[in-house]
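Q: Dropping a structure here in structure tokens format, bear with me for questions.
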Amino acid sequence: MASVGVQMMMVREQVASDGMLSVLEKIAGFGYNSVEVSQVPTDEANVAALEKGRTELGVEVAALSVALQKGPTATGDALDTDFDKVVDDCRRLGCSYLRIGMMPFAAMVTKPAVEEFARQCEDASQRLRAEGIQLAYHNHHVDFAKHDGETLFDIVRRLSPSLHFEIDVHWVQRGGKNPVDVLREYAGQVELVHLKDYRVGLLPASALDLRAVGDVAGFSREFAGLVQFAEVGAGTLDFAGIIAQALASGAEHLLVEQDELYGRDVYDCLSDSIAHIRSLGY
């Protein structure tokens, strides 16, 4: 059975204020049994606390986040500068997966740029496989844009055959695809899955004010921007079908993530999400 875990981007502020072990104790208390480490420093203190959480709380480390290259938007560990450290962290934590959270913005613009990114992924993936570690790439909606009829996602898959994929079901939906279909298509290459619901919010009253003063463009932006991130079960996605297909496709870690909380407490959101997953029988 796959683990149900937390993408630690959600609790990065709590890790900074309360400490890693305190956060692990909290999420373990809700019933989560793994974490994916992202936007949290993998310094010695945090890695040691993750080790302790694994041995004392049973919270496994599903994956660590990494960039191909250090840069202004890749402030954590990067394979070009921190390869040995990253491999050592994986071994200390019993972690078999590394994940790239997003391709560089420049790679989203032209076909040659995304092709070069894909080739770099393949080189990194092969190097990590020699160390017993699988590299995965996490999608966003932009990955379903096309060059010459081929999506960015498909270009990356074609040019990096040893790379695996972390399917984020919200971003698949936002990209215009059916999450179940994409999970089925990537069977055997999708050990990591992000569970994140897709909600359409109500039109805010401020949009009516924009329309009343003749700001049609402003009103249109408000009207077009109603899509929200949501707790699992609080939106429109069919998680019974999604989880069933994720497991059938080989998922080992189902990771709850919510990019924005809209004023709610993060622990309340995490509690609601795992309650819905339990209600489906998992």
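The values are calculated or read from the model by the stated rules, or taken from the named source; none is laboratory data. Remember, predicted model here, so these are calculated numbers, not experimental data. Cβ atoms come from the backbone with ideal geometry, glycine included; neighbour counts cover every protein chain shown.
Q: Filter region 258-271 down to the residues that are under 18 Å from the mean Cα position of the chain (by Cα), surrounded by fewer than 23 Cβ atoms within 10 Å (Cβ to Cβ) and part of a loop (DSSP other than H, G, I, E, B) and list them by number.
A: Scanning region 258-271 gives Asp259, Glu260, Leu261.
Q: Next question. Conditions: (1) of a type outside the set (Phe, Trp, Tyr); (2) touching a strand residue (DSSP E or B) at 6+ places or on another chain (Cβ under 6 Å); (3) at pLDDT below 95. Gly225 meets all but one. Number of the miss?
A: Going through (1) of a type outside the set (Phe, Trp, Tyr); (2) touching a strand residue (DSSP E or B) at 6+ places or on another chain (Cβ under 6 Å); (3) at pLDDT below 95 one by one, Gly225 breaks only (2).
Q: I'm trying to understand the selection: among the residues of region 31-57, which are within 30 Å of Ser279 (Cβ to Cβ) and either small (Gly, Ala, Ser) or outside any strand (DSSP E or B) (or both)?
A: Gly31, Tyr32, Asn33, Ser34, Ser38, Gln39, Val40, Leu50, Gly53, Arg54, Glu56, Leu57
Quick grid of which residues meet (1) in contact (Cβ under 8 Å) with a residue 24 or more places away in the chain; (2) among the small types (Gly, Ala, Ser); (3) crowded, with 20+ Cβ neighbours inside 10 Å:
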{"position": "Arg127", "(1), (2), (3)": "yes, no, no"}
{"position": "Leu152", "(1), (2), (3)": "yes, no, yes"}
{"position": "Arg158", "(1), (2), (3)": "yes, no, no"}
{"position": "Ser162", "(1), (2), (3)": "yes, yes, no"}
{"position": "Val172", "(1), (2), (3)": "yes, no, yes"}
{"position": "Ala205", "(1), (2), (3)": "no, yes, no"}
{"position": "Asp215", "(1), (2), (3)": "no, no, no"}
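Q: Which residues, counting only those in region 4-42, are surrounded by fewer than 17 Cβ atoms within 10 Å (Cβ to Cβ) and either in contact with a His (Cβ under 9 Å, 6 or more places away or on another chain) or of a type in the set (Asp, Glu) (or both)?
A: Selection gives Glu13, Asp18, Glu25.
Q: Quick check, is Ser65 of a type in the set (Ser, Thr, Tyr) and in contact with an Asp or Glu (Cβ under 9 Å, 6 or more places away or on another chain)?
A: Answer is yes for this residue.
Q: I'd like to verify a number: residues in region 124-165 that are among the polar types (S, T, N, Q) and either in contact with a Gly (Cβ under 9 Å, 6 or more places away or on another chain) or more than 21 Å from Ser96 (Cα to Cα) (or both), how many?
A: Final tally of qualifying residues: 2.
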